[in-house]
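First up is the structure itself, then whatever we jot down about it.
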There are 2 protein chains.
Amino acid sequence: MLSNTAYVILGLLQKCPLSGYDIKSHVDISTSFFFSASYGQIYPELKRLEKKGLVEGTELATGRRTRTEYAITAAGQAAFDDWLAQPSAGIELRDEGLLKFFFGGGLDRDALLDKLAKLRAARAADLARVHEVGEDLPEIADELQREVLDYGIGLYEYVIGWCDQMTKRLAARPETDFPVDPNPCAKGD
Amino acid sequence: MLSNTAYVILGLLQKCPLSGYDIKSHVDISTSFFFSASYGQIYPELKRLEKKGLVEGTELATGRRTRTEYAITAAGQAAFDDWLAQPSAGIELRDEGLLKFFFGGGLDRDALLDKLAKLRAARAADLARVHEVGEDLPEIADELQREVLDYGIGLYEYVIGWCDQMTKRLAARPETDFPVDPNPCAKGD
DNA sequence: GGCATCATGTAACATGTTACATGATTTT
DNA sequence: AAAATCATGTAACATGTTACATGATGCC
């Protein structure tokens with residue numbers, strides 16, 4: 001019944017109470033490579049969860065500033081445990097860079113090499129970010145979470161390796177030798 | 001200005017005119033692992049693109065049934081080429097199975113092993129689908145598209161390998177030996 | 001004083017899924 | 001004759017992003 005965002009929130013609150021702001025920070029650093037969320041989702045979702053009795057907010061005043069910390073309730077924990085036991089949906093991947101490469105048949109070799117270089121650089125930046133998370137923030141990760149982080153590292157390394165391989169293959173061929181399908185609209189034989 | 005869905009449509013139409021139904025089939029088999037689209041997006045988007053003069057629809061009558069084939073226009077090709085030259089957005093990944101694993105700290109070893117087995121099976125099914133596309137439909141793929149398919153194959157193989165590794169590691173340990181963070185809410189040291 | 005960060009939220013917009021409705025044609 | 005596939009579409013809903021608004025606190 002709840003959105004995935006709701007379950008991520010509940011999942012994070014299992015460890016300790018957090019504010020909406022905290023949740024966003026945690027999502028950005030620890031789950032961002034396989035799940036992201038924006039303030040526009042988090043704050044309204046916290047209100048909804050509170051209305052349903054799955055979390056409980058406490059207003060804390062630090063001087064004049066208010067900070068609302070949400071804690072998971074027993075009902076919330078039960079809802080989370082139930083979700084955890086359900087089968088998972090498939091993965092969803094959206095990769096605009098790969099899409100452009102996929103449709104890049106009309107580009108010349110140099111343009112393709114340029115695309116590959118940018119793709120590689122973007123993934124290398126992603127990889128660096130995951131590494132940073134793993135090194136600078138050991139406290140956020142329990143053992144499983146660290147394994148998931150390693151999954152992310154391996155994933156990006158694979159993608160970067162693919163980019164390098166493709167670059168080599170493309171660079172090795174003569175500049176204008178590019179295949180154009182002679183009869184793209186033929187149906188079958 | 002256009003949505004990614006619009007560009008995917010234009011990209012597919014570069015080769016030859018297609019109906020909305022055809023476009024959905026093509027997306028399902030050739031780009032589904034890094035970009036998907038539903039009828040609910042495709043049909044309205046075709047109408048919008050036609051209104052903008054980027055595609056042109058022709059009604060064909062096969063007996064009593066009508067089929068509208070859309071062809072890309074010069075303006076459409078220009079818009080597509082322009083998009084191709086722009087820098088790409090980052091990748092977006094959503095993986096519910098991984099999310100559950102990430103938050104699975106409270107589960108016992110057997111439950112985790114079960115999650116892993118299901119995760120692996122799902123990815124193996126995905127991999128099989130990509131293989132099928134590559135073998136059964138050689139005509140859809142130009143050279144670059146085949147490379148992208150290989151990227152997908154490698155990606156799923158990596159994920160499956162990770163599942164196997166995790167499974168071995170988990171299976172090797174005594175059943176109840178699981179770390180519970182003694183003081184999860186501590187800030188810093 | 002100025003900048004970064006902490007902190008909370010909303011409204012408009014964009015995107016995308018699902019279920020439903022309808023019916024023809026082709027294959028088994 | 002039944003089942004699969006071809007074919008088109010919409011409406012309701014769910015999800016998610018972006019830009020904006022507001023202001024406190026802590027650090028250099």
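If you filter region B:61-73 down to residues that are within 14 Å of another protein chain (Cβ to nearest Cβ) and not β-branched (Val, Ile, Thr), you find that the one that is nearest to DNA strand C (Cβ to nearest atom) is B:67.
Run down B:79, B:121 and say which single residue is free of Cβ contacts under 8 Å to residues at least 60 places away in the same chain and either of a type outside the set (S, T, N, Q) or in contact with a Gly (Cβ under 7 Å, 6 or more places away or on another chain) (or both).
On the way: B:79 fails: free of Cβ contacts under 8 Å to residues at least 60 places away in the same chain.
Only one candidate qualifies: B:121.
Are any of the residues in region A:29-48 of a type outside the set (Phe, Trp, Tyr) and touching a strand residue (DSSP E or B) at 6+ places or on another chain (Cβ under 6 Å)?
Taking region A:29-48 first, the residues of a type outside the set (Phe, Trp, Tyr) are A:29-32, A:36-38, A:40-42, A:44-48.
Filter once more, keeping what is touching a strand residue (DSSP E or B) at 6+ places or on another chain (Cβ under 6 Å): A:46.
Within region A:29-48, one or more residues are of a type outside the set (Phe, Trp, Tyr) and touching a strand residue (DSSP E or B) at 6+ places or on another chain (Cβ under 6 Å).
Within region B:38-70, the residues that satisfy the criterion of being in contact with a Gly (Cβ under 9 Å, 6 or more places away or on another chain) and either at pLDDT below 95 or away from DNA strand D (no atom under 13 Å from the Cβ) (or both) are B:52, B:53, B:54, B:56. Evaluate the following for residue A:76: is it in contact with a Leu (Cβ under 7 Å, 6 or more places away or on another chain), modelled with pLDDT of 95 or more, open to solvent by less than 30 Å² (accessible area, probe 1.4 Å) and within 11 Å of DNA strand C (Cβ to nearest atom)? Considered against the rule, which asks whether it is in contact with a Leu (Cβ under 7 Å, 6 or more places away or on another chain), modelled with pLDDT of 95 or more, open to solvent by less than 30 Å² (accessible area, probe 1.4 Å) and within 11 Å of DNA strand C (Cβ to nearest atom), residue A:76 comes out as no.
Any residue at all in region A:24-37 that is among the small types (Gly, Ala, Ser), within 14 Å of DNA strand D (Cβ to nearest atom) and surrounded by fewer than 16 Cβ atoms within 10 Å (Cβ to Cβ)?
There is no residue in region A:24-37 that is among the small types (Gly, Ala, Ser), within 14 Å of DNA strand D (Cβ to nearest atom) and surrounded by fewer than 16 Cβ atoms within 10 Å (Cβ to Cβ).
Scanning region B:37-48 for any residue that is closer than 19 Å to residue B:83 by Cα, more than 11 Å from chain A (Cβ to nearest Cβ) and more than 13 Å from DNA strand C (Cβ to nearest atom) turns up at least one such residue. The one condition from (1) more than 16 Å from the chain's Cα centre (by Cα); (2) polar (S, T, N, Q); (3) within 8 Å of chain B (Cβ to nearest Cβ) that residue A:86 does not meet is (3). Restricting region B:89-125 to residues that are among the acidic types (Asp, Glu) and at the interface with chain A (Cβ under 7 Å from one of its Cβ atoms), the residue that is surrounded by the most Cβ atoms within 10 Å (Cβ to Cβ) is B:95.
The values are calculated or read from the model by the stated rules, or taken from the named source; none is laboratory data. This one's a predicted model, so the numbers in the text were calculated from it and none came from an experiment. So basically every Cβ, Gly included, is an ideal-geometry build from the backbone, and we count neighbours across all protein chains shown. What goes into the accessible areas is simple: the full protein's heavy atoms, side chains included, and nothing from ligands, DNA or RNA. Shrake-Rupley method; radii C 1.70, N 1.55, O 1.52, S 1.80 Å.
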